Every structure is written in C-alpha cells, then in structure tokens.
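Data first, discussion second: the structure below is written as structure tokens.
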Amino acid sequence: MKNLTIIRHAKSCWENPEVDDIARPLNTRGNDAIATMGSFLKTNKYLPDFILSSPAVRAINTAKGIAAQLQYEPKKIQVDPLIYFGTSTDILKLIFSINDKYQDVFLFGHEPKLSALITHFTKKQLDKFPTCSVFRITFNSQKWENIKTGNCTLLISPKKLVS
C-alpha cells in the first residue's frame with residue numbers, strides 16, 4: 001500500500017510585486033494555515049516517511065513548517081525543481097521513480113499541476129484546491145512505478161478546520 005499526500009503551498013505574500021514568483025514568501029494567513037494543517041495531520045497520525053517539495057520559497061516553507069510539526073527533519077526534505085518548472089507529466093515520472101522503501105510520501109507544490117495529478121490518479125475533478133489544502137490518495141500497490149488509480153482518503157482545507 002502506498003499513500004501520496006498532495007499539499008498545496010500556503011498563502012503567499014503579494015506586498016512586493018517585484019519579487020519573482022519563485023521567491024514569494026508566505027504571509028501571516030499562510031503561516032497560520034501551516035500551524036492548523038500540521039496540527040491536524042499530527043493528531044490524525046498522517047506521517048510522512050518522505051517529503052518532496054517545489055523549490056519555490058512558499059512551497060518549501062510550507063513543507064518545512066508542516067514537517068517540523070510532524071517530527072520530520074526539515075533538512076531531509078527533497079527539493080526537486082521539476083515540481084515548479086516541470087509539467088504534470090514530469091511530476092508523474094518523479095512520483096513513479098520514488099524509492100519503494102517509502103510508503104507515505106508528501107508532495108508540496110502548486111496549482112494547476114496538483115489538481116491535474118489528483119484528476120489523473122482519482123479521476124476526480126476538483127472545483128477548487130485552496131492554499132494549504134491536503135488531498136491524500138491511497139494506492140493498492142507495493143511499487144510507486146505501478147500506481148494507477150487510487151482512492152481519496154482525505155480532502156481537507158484550513159477553512160474547513162477553523163470554521
């Protein structure tokens with residue numbers, strides 16, 4: 001059994017429009033959402049044994065914030081430029097190449113690529129995948145290269161937890 005937890009980066013700051021997209025930091029609301037989602041994941045024992053992240057500042061800081069709450073060493077996060085610069089197909093290839101010793105992988109990235117992955121793996125179209133939302137897919141497979149269609153076992157956003 002393999003689990004892929006797809007997490008969109010938290011809300012970013014737009015105060016300085018001259019900052020390159022990849023360098024945009026998180027805003028206060030984004031940091032609050034990380035605390036909320038990290039607490040939820042920890043309480044419900046959704047724990048990664050491998051984390052992949054986009055190199056964008058807002059994505060890596062979301063990954064580091066959640067990782068810290070889950071007692072996953074932030075320095076063990078693997079940053080892969082394909083998650084930011086590549087296509088959805090590139091990200092699929094990246095997922096298929098994950099070492100099979102990992103059962104529970106967290107992937108931090110961006111829209112619309114994350115929704116495309118979700119649709120690919122679950123055949124489910126999302127109306128919206130808000131910032132810092134979590135979508136978890138369980139696959140009945142022992143090898144990442146063989147995953148095909150999985151079942152959604154969690155879809156949650158920060159707003160659903162604080163409402």
Exercise. Length gain on complete extension for the stretch residue 149 to residue 35, per 0.36 nm per residue less the alpha carbon to alpha carbon distance?
Worked result: 38.0 nm
Exercise. What value does the stretch 71-136 have for Rg/Rh, both radii from Cα atoms and Rh as Kirkwood defines it?
Worked result: 0.95
Exercise. Suppose every K and R has +1 on its Cβ and every D and E has -1 on its Cβ; what is the size of the dipole of the chain about the Cα centre, in Debye to the nearest 20?
Worked result: 540
For this session: For the stretch 2-162, report the convex hull volume of the alpha-carbon atoms normalised per residue, in Å³, without decimals.
Result: 105
For this session: Give 76/143; 2/160; 123/143; 42/124; 45/113; 75/160 a once-over and call out the pairs whose C-alpha atoms are over 24 Å from each other.
Result: 2/160; 42/124; 45/113; 75/160
Seminar exercise, completed: If R0 = 41 Å, then residue 162 and residue 100, at their Cβ-Cβ distance, give a FRET efficiency to the nearest 0.05 of 0.65
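In the chain, which longest range has no trypsin sites (Lys or Arg not before Pro) that are both DSSP loop (not H, G, I, E or B) and surrounded by at most 15 other Cβ atoms within 10 Å?
46-100
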For this session: Please figure out what share of the DSSP beta bridges in the chain is antiparallel and state it in percent, rounded to the nearest 5.
Result: 50
Exercise. For residue 14 and residue 75 in the same chain, what is the full-extension length gain: residue separation times 0.36 nm, less their Cα-Cα distance, in nm?
Worked result: 19.3 nm
Exercise. Mind checking the angle between helix 28-43 and the chain's longest principal axis? C-alpha axes, 0 to 90 degrees, to the nearest 10.
Worked result: 30
Exercise. So, counting K/R as plus one and D/E as minus one, what does the shell of residues with Cβ under 10 Å around residue 157 add up to?
Worked result: +4
Exercise. Which FRET efficiency value, to the nearest 0.05, do you get for residue 1 and residue 85 by plugging their Cβ-Cβ distance into 1/(1 + (r/R0)^6) with R0 = 35 Å?
Worked result: 0.70
Exercise. Out of residues 5 or more away from residue 79 or on other chains, whose amide H comes under 5 Å of its own, with H placed 1.01 Å from N in the peptide plane?
Worked result: 53
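Every read-out reported here was derived from the displayed coordinates using simple, explicitly stated rules and does not represent laboratory data. None of the values given here were measured: they were computed from a predicted structure. Note that we place each Cβ from the backbone using ideal geometry, even for glycine, and neighbour counts take in every protein chain shown.
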